[in-house]
Amino acid sequence: MRRTDTLRGLVRETELSPSHLIQPLFVVAGEGIREEVASMPGIERFSISGLVEEAGEIAAAGVGAVLLFGVPADKDESGSGAYDEEGVVQMAVRALKEAHPDLVVITDVCLCEYTSHGHCGFLRDGEVDNDITVELLAKIAISHAEAGADAVAPSDMMDGRVGTIRHQLDEEGHSRTPIVAYSAKYASAFYGPFRDAAESTPEFGDRRGYQMDPANAAEAVREAELDLEEGADMLMVKPAAPYLDVVRRVKEATAAPLAAYHVSGEYSMLKAAAANGWIDERPAVLETLTSIRRAGADAIVTYYAKEAAGWLR
């Protein structure tokens, strides 16, 4: 049953298709901007008009969903641009939904791109204040839903934020807006290129006080179960490939819809190895994405989404 491709296909246990992929996108304030992220070959940051054009190409490739990150013109201590009705993400969502109504637009809900200090929450005495941050995250989620986002994805890792966001969405008439919760987001060394793209490197310290310890797996299951109790509609594990055991454990423990985020460092390593001729990029990428699906992920957030979709069609 391994002799030919057709025979292998008949007994293949894991399917990977464009419909399983979500493309992250970076939108920046301004006009006529299209700039490559130096540490992520092939990935660009767009102002809104370019973003809309890129989203059209992504949809044409067969990818049905994008995850949107914003890079504002100005930042402050409290990250107020994150919940501004005329903020860069809010305007981008309206433009995307007008131009591509069938494209699913998921928005990142966090403060790190909007705070002058680069942390994911409101600071008090040099530390993130969980409870104040949660209230601000709910404001962000509401502003995104009102702009037309199809789903909101809190990535901050504050305690109790899913429940607060769910409550506020329901109160404000957005009970049908799903929450894609970053339930197990690890304090990983693989985020460096993203921080270049989103301009979100912490000004001091690190995020180990609120993101998860890479040594822990049982904790990820507990976090996922708590998010489900609070109203999450889909869970997420981030990063993906170094945490396939966590993906499997969360899926088996919850049986809930599950995404895994194939992060910037994972992407850039594959790109660098391919550029140096050390790997054959296409089969290596598809093998990597298939392994994430095989571990239990229903959806994969990956910077390779558009490119991989072309290979799969």
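The values are calculated or read from the model by the stated rules, or taken from the named source; none is laboratory data. No experiment lies behind these values; they were computed from the predicted model shown. We place every Cβ from the backbone using ideal geometry, glycine too, and count neighbours over all the protein chains shown. The accessibility values were calculated without ligands, DNA or RNA, using every heavy atom of the protein model including side chains. Shrake-Rupley method; radii C 1.70, N 1.55, O 1.52, S 1.80 Å.
Overview of values
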quantity: Any hit, the stretch 80-97, residues being surrounded by fewer than 21 Cβ atoms within 10 Å (Cβ to Cβ), under 26 Å from Ser143 (Cβ atoms) and of a type in the set (A, V, I, L, M); calculated: yes
quantity: Odd one out for Ser17, checked against (1) among the polar types (S, T, N, Q); (2) open to solvent by less than 60 Å² (accessible area, probe 1.4 Å); (3) within 17 Å of the chain's Cα centre (by Cα); calculated: (3)
quantity: Selection count where residues are of a type in the set (Asp, Glu) and open to solvent by less than 10 Å² (accessible area, probe 1.4 Å), scope the stretch 150-181; calculated: 1
quantity: Whichever residue in the stretch 72-92 is at pLDDT 90 or above and touching a strand residue (DSSP E or B) at 6+ places or on another chain (Cβ under 9 Å) and, among such residues, is nearest to Cys112 (Cα to Cα); calculated: Ala82
quantity: Hey, Val162 in a helix (DSSP H, G or I) and in contact (Cβ under 8 Å) with a residue 60 or more places away in the chain or not; calculated: yes
quantity: Residue in the stretch 104-116 that is open to solvent by 30 Å² or more (accessible area, probe 1.4 Å), without any contact (Cβ under 8 Å) to a residue 60 or more places away in the chain, part of a loop (DSSP other than H, G, I, E, B) and out of contact with any Lys or Arg (no Cβ under 6 Å at 6 or more places or on another chain) present; calculated: no
quantity: Residue in the stretch 53-62 that is in contact with a Ser or Thr (Cβ under 9 Å, 6 or more places away or on another chain) and either surrounded by 14 or more Cβ atoms within 10 Å (Cβ to Cβ) or touching a residue at least 24 places away in the same chain (Cβ under 8 Å) (or both) present; calculated: yes
quantity: Single match in Thr254, Thr290, Thr302 (criterion: in contact with a Leu (Cβ under 9 Å, 6 or more places away or on another chain) and within 19 Å of Glu13 (Cα to Cα)); calculated: Thr290
quantity: Residues within the stretch 209-237 that are under 11 Å from Ala297 (Cβ atoms) and in contact (Cβ under 8 Å) with a residue 60 or more places away in the chain, tallied; calculated: 3
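Rundown of residues vs (1) touching a Cys at 6+ places or on another chain (Cβ under 7 Å); (2) of a type outside the set (D, E, K, R); (3) surrounded by fewer than 24 Cβ atoms within 10 Å (Cβ to Cβ); (4) without any contact (Cβ under 8 Å) to a residue 24 or more places away in the chain, yes/no style:
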{"position": "Gly42", "(1), (2), (3), (4)": "no, yes, yes, no"}
{"position": "Gly64", "(1), (2), (3), (4)": "no, yes, yes, no"}
{"position": "Ala73", "(1), (2), (3), (4)": "no, yes, yes, no"}
{"position": "Ala99", "(1), (2), (3), (4)": "no, yes, yes, no"}
{"position": "Ile132", "(1), (2), (3), (4)": "no, yes, yes, yes"}
{"position": "Lys139", "(1), (2), (3), (4)": "no, no, yes, no"}
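Per-residue answers, yes or no, for (1) over 19 Å from the mean Cα position of the chain (by Cα); (2) within 26 Å of Asp129 (Cβ to Cβ):
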{"site": "Met212", "(1), (2)": "no, yes"}
{"site": "Glu230", "(1), (2)": "yes, yes"}
{"site": "Ala272", "(1), (2)": "yes, no"}
{"site": "Val301", "(1), (2)": "no, no"}
